[in-house]
Ligand code: C5P
């Protein structure tokens, strides 16, 4: 499965002589769909099957197809510096042998020898050639050198016989490439995380309330990303129009008021390893909410009597730390100014391991758009993440947390 978006990584696809060349065209297409820039180098045997013009037309870049035609630069050296990954697909027995030995006499092997980028090979050959001790020995040399290998698989070969030597499918090759270019993120396997998100609503009377502009987007993004990294998440979510994606490892508990949020969090803490307080919790609630609609004519209509809500983050942190030594707590600080100073004060006051600060204002900080956050901890200097989408920021925050936990716990 090719993800819809990726970044602009650069791949050089080295094509060698095999009937499987036609599949290299699909590999090119699928890499491009993943937003990867693809350039192509071809051996002369590959050009017996497909002309370089085909790849030039698909990629929009000149194909490196001849060692001896100078374009005013040393092509294999330029190419080798200008990429993140060299994929040799199809990789014939001959080209694998040349790569294992360090031979460099065609556009693909000269580049393979010059580059410091990752190399992925997708062998394609007849069964007998693949099984031959020489090929197996060459493959071992390449693997020991850190070359990645995908396939071959069993299936119908060029000869019509069935055997082991069929090139991996374009999907498998592209999956392998994406794995190399974007290694799976740091894991949260085994973590059970309680996340609060969204606003709270404190009822004044049956139709009016005290609330704020939070949508819960950041807390939802963090929860979804934590699940992607293997955690079990309980998301205690205030009233919002946003709907977290369904997932067996993400349980959503809907609440309205701060008191309900506190009760939901307390019910979950015993089993949890981390607490993330991303909710914008109302600091106050109404002392005596009306049971019927407040009228303009009521004598005390211009006065709201408020009482302070419990600080959920502070309470949960103290409880969690008493339950387990390796507990980890993330708080948030939404501020209109002096972000780092306020975030640091919250880090101490609430006993968090990290506080994520963000500047909020009339047109900033809320909703699903791009944002920028400040990561404040005791161990490391404050660091800005973003601007990026909230889901990208969620991923960057978990990377940071994993790094800090690895280092300091
Ligand atoms: O004190 P302040 O509201 O600025 O702190 C923000 C952080 O504290 C956020 O992580 C928020 O979720 C949490 N908080 C809480 N319970 C409250 C108030 C804030 O969990 N009653």
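Only the coordinates and a few stated rules stand behind these numbers; no lab work does. Computed from a prediction, not measured in an experiment: that's the story for all the values here. All Cβ positions, even for glycine, are placed from backbone atoms using ideal geometry, and neighbour counts span all protein chains on display.
How far is helix 170-181 tilted off the main Cα axis of the chain, in degrees rounded to 10, range 0 to 90?
Helix 170-181 and the main axis of the chain meet at about 60 degrees.
Once the Cα atoms of helix 21-33 and of the chain are each reduced to a long axis, what angle between those two axes, in degrees from 0 to 90 to the nearest 10, is obtained?
It is inclined by approximately 20 degrees.
Ranked from highest to lowest mean number of other Cβ atoms within 10 Å per residue, what is the order of the peptides 160-168, 376-384?
Per-residue Cβ counts within 10 Å, averaged per peptide and sorted highest first, yield 160-168, 376-384.
Would you kindly state how much longer the chain becomes between residue 105 and residue 305 on full extension, computed as 0.36 nm times their sequence separation minus their alpha carbon distance, in nm to one decimal?
Residue separation times 0.36 nm, minus the Cα-Cα distance, leaves 63.6 nm.
Report the extension gain between residue 270 and residue 241 in nm, rounded to one decimal, defined as 0.36 nm multiplied by the number of residues separating them, less their alpha carbon distance.
Fully extending the segment from residue 270 to residue 241 adds 7.5 nm.
If you find the alpha carbon centre of region 221-271 and of region 171-208, how far apart are they in angstrom?
If we compute the Cα centre of each part, the gap is 10 Å.
With each label point set 7 Å from Cα along the Cα-Cβ vector, what nm distance links residue 338 and residue 44?
In this crude spin-label approximation the distance works out to 7.5 nm.
Run lengths n ≥ 4 of DSSP H only: what is the helix-derived mean residue ellipticity at 222 nm for the chain, with -39500 (n - 2.57) per run over all residues, to the nearest 500?
-10500 deg cm²/dmol, from helical runs alone.
Taking a spot 7 Å from the Cα of residue 288 along the direction of its beta carbon, which residues of region 185-225 have an amide N less than 20 Å from it?
What the label zone holds, given the 20 Å backbone N cut-off, is 202-210.
What FRET efficiency, computed as 1/(1 + (r/R0)^6) with R0 = 25 Å and r the Cβ-Cβ distance, is obtained for residue 322 and residue 379, rounded to the nearest 0.05?
0.65
Beta carbons within 10 angstrom, averaged per residue: use that to sort the peptides 126-134, 229-237, highest first.
Averaged packing, sorted descending, gives the order 229-237, 126-134.
Any idea what the relative contact order of region 69-153 is, in percent, if you count C-alpha pairs under 8 Å spaced at least 6 apart?
Computed value for region 69-153: 34 percent relative contact order.
Using a simple spin-label model with points 7 Å from Cα along the Cα→Cβ vector, what separation in nm is obtained for residue 372 and residue 136?
5.9
Starting from the eigenvalues of the Cα gyration tensor, five times each then square-rooted, give me the equivalent ellipsoid semi-axes of region 268-409, largest first, whole Å.
33, 21, 13
Just report the Cα centroid separation between region 90-138 and region 14-61, whole Å.
17
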